[in-house]
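Heads up: the structure comes next, in structure tokens.
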Ligand code: ATR
């Protein structure tokens with residue numbers, strides 16, 4: 001890939017940065033899409049974030065930047081505005097530069113997640129959903145599932161107080177969805193979503209017990225690596241449909257590609 005002065009440049013700000021797989025995942029996506037885009041991960045310490053954002057403002061060929069752990073919330077104070085989605089989720093994962101040079105924080109996690117389900121013809125509207133996890137990614141998927149019309153959304157999390165707080169926030173924005181925080185049996189749900197980090201390491205325990213789910217169930221795991229987590233393998237062995245985290249990432253990059261082409 002040739003990077004020239006005409007290329008559109010994007011950064012991904014992270015600490016640590018080693019896990020950001022720019023060339024294998026992000027650049028590969030844009031290349032296959034025919035976009036003249038180059039993405040570089042930047043290792044930025046939390047205390048330097050404000051100065052870095054101020055510098056990026058001056059870099060006219062940078063159309064935006066991704067932010068990931070631990071900057072997703074802290075970046076907000078350095079931006080000109082944030083979208084309603086980012087405000088609701090309480091975190092930013094993509095900052096776009098407008099034609100006027102304003103930096104606008106958005107959160108593409110929820111839209112990317114729901115788009116990836118739709119692309120795989122997985123229906124959320126009217127369904128009973130069990131979500132495990134109430135961290136940063138889990139906040140986005142919970143709002144996304146309610147927005148997509150889930151009939152019931154049960155959130156379970158190791159820290160139960162976080163599950164209750166998230167359930168209350170989602171219920172406030174989406175009264176049509178019956179939201180609760182509970183430990184529930186997976187087999188009575190249509191769609192089961194793992195948003196915890198359990199499954200990234202080979203020896204992690206399963207995030208929940210899914211024994212007894214049937215072939216009509218769908219199990220989603222937003223972990224990108226490995227592509228098939230132990231949870232997804234167990235679900236497939238029971239005849240359930242499965243979807244991993246890569247489609248969610250691809251759908252977010254499609255949203256970025258659409259922003260660039262505007
Ligand atoms: P992310 O931004 O990737 O969502 P996060 O905000 O740190 O990261 O959230 C991680 C999620 O994985 C949380 O739901 C966390 O549960 P707690 O809120 O109880 O911490 C969950 N998680 C991480 N390690 C876990 C473990 N060993 N057992 C159960 N849940 C775990």
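Altogether, the Stokes-Einstein calculation at 4 °C and 1.567 mPa s, with the Kirkwood radius of region 1-147 over Cα pairs as Rh, returns a diffusion coefficient of 79 µm²/s.
In terms of the mean number of neighbouring beta-carbon atoms within 10 Å, the peptides 6-13, 198-205 order highest first as 6-13, 198-205.
Structural descriptor for the chain: relative contact order 14 percent, calculated from alpha carbon pairs under 8 angstrom and at least 6 residues apart. Between the Cα long axis of helix 109-119 and the first principal axis of the chain there is an angle of about 60°, rounded to the nearest 10. Using a cutoff of 8 angstrom between alpha carbon atoms and counting only pairs six or more residues apart, the relative contact order for region 1-155 works out to 18 percent. Based on alpha carbons, the Rg and Dmax found for region 194-261 are 13.7, 46 Å.
Can you tell me the orientation of helix 160-173 relative to the chain, as the angle in degrees between its alpha-carbon axis and the longest Cα principal axis, to the nearest 10? Here the helix axis deviates by roughly 80 degrees. Peptide packing for 139-146, 175-182 was compared via the average number of neighbouring C-beta atoms within 10 Å per residue; ordered from the highest value, the list is 139-146, 175-182. Counting helices only, and only those DSSP H runs with n ≥ 4, report the 222 nm mean residue ellipticity of the chain as the sum of -39,500 (n - 2.57) divided by its residues, in deg cm²/dmol to the nearest 500. Value at 222 nm, helices only: -9000 deg cm²/dmol. Set against the 2.2 N^0.38 Å expectation for a compact globular protein, region 93-185 has a Cα radius of gyration ratio of 1.17.
Beyond 14 Å, what share of the Cα-Cα pairs of region 128-171 is found? Please give it as a whole percent. So the portion of pairs separated by more than 14 Å is 35 percent. Here the convex hull built on the C-alpha positions of the chain has a volume of 132 cubic angstrom per residue.
Computed over the Cα atoms of region 138-262, the ratio of the radius of gyration to the Kirkwood radius (Rg/Rh) comes to 0.98. State the Cα centre-to-centre distance between region 17-80 and region 194-222 in whole Å. With region 17-80 and region 194-222 each reduced to a Cα centre, they are spaced 30 Å.
Protection proxy ranking of 36-45, 123-132, by the mean of other Cβ atoms within 10 Å over each peptide's residues and highest first, is 123-132, 36-45. Structural size metrics of region 161-209, computed from C-alpha coordinates, are Rg and Dmax of 13.1, 39 Å. Restricted to Cα atoms, region 28-92 shows a radius of gyration and a Dmax of 13.3, 36 angstrom. Between residue 59 and residue 237, the contour length at 0.36 nm per residue exceeds the Cα-Cα span by 59.1 nm.
The numbers here are math on the coordinates, done by the rules we state, and not lab data. Just so it is clear, the model here is predicted, and its values are computed rather than measured. Note that each Cβ is placed from the backbone with ideal geometry, even for glycine, and that neighbours are counted across all protein chains shown.
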